[in-house]
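The values are calculated or read from the model by the stated rules, or taken from the named source; none is laboratory data. Remember, predicted model here, so these are calculated numbers, not experimental data. Here the Cβ is made from the backbone with ideal geometry for all residues, glycine too, and neighbour counts use every protein chain on show.
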Amino acid sequence: MPEGRFAPSPTGDLHLGNLRTALLAWLFARTSGSAFRVRMEDLDTARVRPGSAEGQLADLRALGLDWDGPVEHQSARAHLYARALDRLEAEGRVYPCFCTRAEIREAASAPHGPRPEGAYPGTCLTLSAAERAGRTAEGRLPALRFRASHLAAVTVTDRLLGEVSGHVDDFVLRRGDGTFAYNLAVVVDDAEQGIGEVVRGADLLESTPRQVVLARALGLPVAAYAHVPLVLGPDGSRLAKRHGAVTLRGVGARPPAVLSALAASVGLAAAREAVTPADLLDRFVPERLTALSTTWDPAAPDPLGALARRC
Ligand code: GLU
């Protein structure tokens, strides 16, 4: 049976946007009779905070969400990513990249730089063996990139947003410090865990063409996708810690009140209506989810009430 998942990065407490995404991912999975998995995306050890994974799981439980099987941690799955990388390397789909961030920025902003903005300009694609050896001798540790830039635009069908096309650049598979990159790990994990539908925040939509291309290159099944609307901060950018009290413990309300406001913000409950996740299952129709994002304004007299009214 295809499964659903929520895959947070344990880099701090979940904010209201993450919590709403978790609720929606849970609803998508449970209404289709799928299992629901939680996966901790903890590969970026510099950003992982001790205790954060436990805190995030406690918050999901406090909202009344449950999941199947053990929580997987990407840090324990490096062998799977290494095997996938070996396969790509054997097929000539990988090349080392010695560029620093500054060099990429500079090359990408050149007048004839690659589009879309920020795409890897391909500097290291054509390095000779001697040039590679020279850079290695300088002590540079290469990242490994996926050779993709010759591909045409990739079109992905999203359950909520319809057809979305994007060009795929030569993205990183493994960083210079040896850390496997998000795109590689997520594709390997979603396939290995049998995830049939990936439900996540719309901010990750731009990664999706890369992930589809990578899944195909690895001979893995391509998941279905549903990118759900974001909760934004008062400045219109994606909700983040810098917006203040944005976490379950920070908003100063009991978890049931937060669940109610999150449900109301996507049209699944009336403002302040007491609901349980099970109530929401009966009401949830994925296609009725609005694509509009919601704004969280901690300075409003009643921020949770305002969130609920924004549906
Ligand atoms: N770990 C990612 C995040 O917290 C989500 C990855 C995904 O859902 O594909 O932003």
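Summary of values
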quantity: The stretch 186-195, residues that are in contact with a helix residue (DSSP H, G or I) (Cβ under 9 Å, 6 or more places away or on another chain) and either within 10 Å of the ligand (Cβ to nearest atom) or touching a residue at least 40 places away in the same chain (Cβ under 8 Å) (or both); calculated: Val186, Val187, Val188, Asp189, Asp190, Glu192, Ile195
quantity: Of residues in the stretch 25-44 being within 12 Å of the ligand (Cβ to nearest atom) and of a type in the set (A, V, I, L, M), the one surrounded by the most Cβ atoms within 10 Å (Cβ to Cβ); calculated: Ala25
quantity: Matching residues in the stretch 169-185 - criterion: being within 13 Å of the ligand (Cβ to nearest atom), in contact with a helix residue (DSSP H, G or I) (Cβ under 6 Å, 6 or more places away or on another chain) and among the aliphatic types (A, V, I, L, M); calculated: Leu184, Ala185
quantity: Verdict on Arg47 being within 11 Å of the ligand (Cβ to nearest atom), surrounded by fewer than 19 Cβ atoms within 10 Å (Cβ to Cβ) and either more than 30 Å from Val285 (Cβ to Cβ) or modelled with pLDDT of 95 or more (or both); calculated: yes
quantity: Within the stretch 13-131, helices (runs of 4 or more DSSP H) holding 3 or more residues that are more than 23 Å from the chain's Cα centre (by Cα) and farther than 30 Å from Ala253 by Cβ; calculated: 78-90, 101-108
quantity: Check on Ala278, farther than 22 Å from Glu197 by Cα and more than 20 Å from the chain's Cα centre (by Cα); calculated: no
quantity: Within the stretch 1-12, considering residues that are in a loop (DSSP other than H, G, I, E, B) and within 12 Å of the ligand (Cβ to nearest atom), the one nearest to Val285 (Cα to Cα); calculated: Ala7
quantity: Scan of the stretch 154-182 for residues that are under 20 Å from Leu85 (Cβ atoms), without any contact (Cβ under 8 Å) to a residue 60 or more places away in the chain and either in a strand (DSSP E or B) or touching a Ser or Thr at 6+ places or on another chain (Cβ under 6 Å) (or both), ordered by number; calculated: Asp169
quantity: Tabulated pairs, the stretch 22-43, first in contact (Cβ under 8 Å) with a residue 40 or more places away in the chain, second away from the ligand (no atom under 11 Å from the Cβ) and of a type in the set (Ser, Thr, Tyr), C-beta under 9 angstrom, 6+ apart or interchain; calculated: Phe28/Ser34; Leu43/Ser75; Leu43/Tyr81; Leu43/Thr179
quantity: Residues satisfying the stated conditions in the stretch 54-64, i.e. crowded, with 20+ Cβ neighbours inside 10 Å and either at pLDDT below 95 or in contact with a Pro (Cβ under 6 Å, 6 or more places away or on another chain) (or both); calculated: Gln56, Leu63
quantity: Residues that are surrounded by fewer than 14 Cβ atoms within 10 Å (Cβ to Cβ) and either at pLDDT below 90 or farther than 18 Å from Leu19 by Cβ (or both), drawn from the stretch 265-289; calculated: Ala270, Asp282, Val285, Glu287, Arg288
quantity: Selected residue [surrounded by 15 or more Cβ atoms within 10 Å (Cβ to Cβ) and either under 26 Å from Ala217 (Cα atoms) or at pLDDT below 95 (or both)] from Leu85, Leu125; calculated: Leu85
